[in-house]
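Accompanying notes for the structure given below.
The values are calculated or read from the model by the stated rules, or taken from the named source; none is laboratory data. Source: prediction; values computed, not measured. Backbone-built Cβ (ideal geometry, glycine too); neighbour counts: all protein chains shown. The protein model used for the area step is the full one, side chains on, heavy atoms only, and it has no ligands, DNA or RNA in it. Shrake-Rupley method; radii C 1.70, N 1.55, O 1.52, S 1.80 Å.
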Amino acid sequence: MSLIKQLRERTSAPIKDVKASLVQCNWDIEAAQTDLRKRGKVLAMKKAGRVATEGLLALAQNEGKAAVIELNCETDFVARNEIFQYLALTLAKQALLVENASQLVSGVHPVGLESLEELKLNLEHPKISGDTTVQNAITEVAAMMGENVRLRRGFVMSAPSPGVLSTYLHTSPQPGLGRIVGLLSLEIEDGNSPLEALQRVGSELAVHLVAAKPLFLTKEGVSSDALESEREILKSQAESTGKSQMAIEKMVEGRLRKYYEEVVLMEQKFVMNDTMNVKTLLSNLSKEVGSPVKIGNFFRMEVGEGIQREEALGADEPVAQAA
């Protein structure tokens, strides 16, 4: 029983697997630990095809940029596991190290998962340690958890200069982890202006992104396809009232304004003060700091969004909302 307890504490493997490995290895705990890792990796490969919709987002940031990754698992139980959370945080830090030419341009850029998975890392957790690659670390944690564990996607946003990069994680079990993330950059024309006010408003707007779910930055940025589709829906609804064509057109235009307020960040009511919209908030901020301030980019991502659709359609990974 003492050996079973020791090996269970070392590996977090199920008790029946721990006992089976110890029996197989004639109660040699070191050999049993090696055997468990081999068994686990075989099982992890078998489970790799299973749908994993739970998990966490992990965020890492330095002075120049922020990186967020999504690590999926099959159950919320595993997402709460300290080893899974340690791996997610480690992968976010590694994502900051992945360099590509596109990151030299301001904006939100996907992290090349193949490049990330090949990176070497040194794990320093009591139950998972040593030099390995990102892919091998994911496989090992999948083996320990007994579930499909999958690095689904990652993105990097560069910090503006001059300006600030603000982030917010919602439903956060510990710093750097959450189920929904909001990031945005605030750019200011005068590089000599103090940044305290920008940091305050940037933090509030990152919370706003999570709550309000904007799809576009400005009205001009709304895609023609999205606008045409919405116009057709609104026109069909208005025609069902039986009113004149002129009245229908007015109804459609009025409802389009409401649509803009729902999906366009600059037109949305500010969640922390709904007496103003985000455009007015930025105008007030510009006056406060004495220099024009604008949103450079924004980005919102949520654990599991689009996974069921992917599995059904065999589609590519969905791109997170960004502008």
Exercise for the section: Give region 114-146 a look and list any residue that's out of contact with any Leu (no Cβ under 7 Å at 6 or more places or on another chain) and of a type in the set (Ser, Thr, Tyr), or say none. Expected result: Ser115, Thr139
Practice task
Residues being under 23 Å from Arg231 (Cβ atoms) and open to solvent by less than 70 Å² (accessible area, probe 1.4 Å): count how many of those fall in region 257-301.
Solution key: 9
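A quick yes/no check of all residues on (1) part of a loop (DSSP other than H, G, I, E, B); (2) among the small types (Gly, Ala, Ser); (3) closer than 21 Å to Leu186 by Cα:
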residue	(1), (2), (3)
Asp225	no, no, no
Glu228	no, no, no
Ile248	no, no, no
Gly254	no, yes, no
Tyr260	no, no, no
Leu285	no, no, yes
Completion exercise
Scanning region 171-188 residue by residue, those in contact with a strand residue (DSSP E or B) (Cβ under 8 Å, 6 or more places away or on another chain), in contact (Cβ under 8 Å) with a residue 12 or more places away in the chain and surrounded by fewer than 17 Cβ atoms within 10 Å (Cβ to Cβ) turn out to be Pro173
Handout entry: Qualifying residue in region 112-119 (condition: polar (S, T, N, Q) and either surrounded by fewer than 16 Cβ atoms within 10 Å (Cβ to Cβ) or more than 18 Å from Asn62 (Cα to Cα) (or both))
Key = yes
Exercise for the section: Might you let me know whether region 92-106 holds any residue that is assigned by the TED database to the domain that holds Glu147, surrounded by 13 or more Cβ atoms within 10 Å (Cβ to Cβ) and among the acidic types (Asp, Glu)? Expected result: no
Exercise for the section: Inspect all residues belonging to region 66-79 and state whether any of them is free of Cβ contacts under 8 Å to residues at least 40 places away in the same chain and of a type outside the set (Gly, Ala, Ser). Expected result: yes
Completion exercise
A careful count of residues in region 154-170 that are surrounded by fewer than 20 Cβ atoms within 10 Å (Cβ to Cβ) and farther than 30 Å from Ala197 by Cβ gives 0
Handout entry: Residues of region 153-170 that turn out to be of a type in the set (S, T, N, Q) and under 12 Å from the mean Cα position of the chain (by Cα), as a count
Key = 1
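For (1) under 21 Å from Ala211 (Cα atoms); (2) in contact with a Cys (Cβ under 7 Å, 6 or more places away or on another chain), each residue gets a yes or a no:
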site: Pro126; (1), (2): no, no
site: Thr132; (1), (2): no, no
site: Ala143; (1), (2): no, no
site: Glu147; (1), (2): no, yes
site: Arg152; (1), (2): no, no
site: Met157; (1), (2): yes, no
site: Ser161; (1), (2): no, no
site: Leu165; (1), (2): yes, no
Problem - Complete set of residues in region 131-177 that are in contact with a Phe, Trp or Tyr (Cβ under 8 Å, 6 or more places away or on another chain), over 24 Å from Glu189 (Cα atoms) and not in a helix (DSSP H, G or I) - result: Val149, Phe155
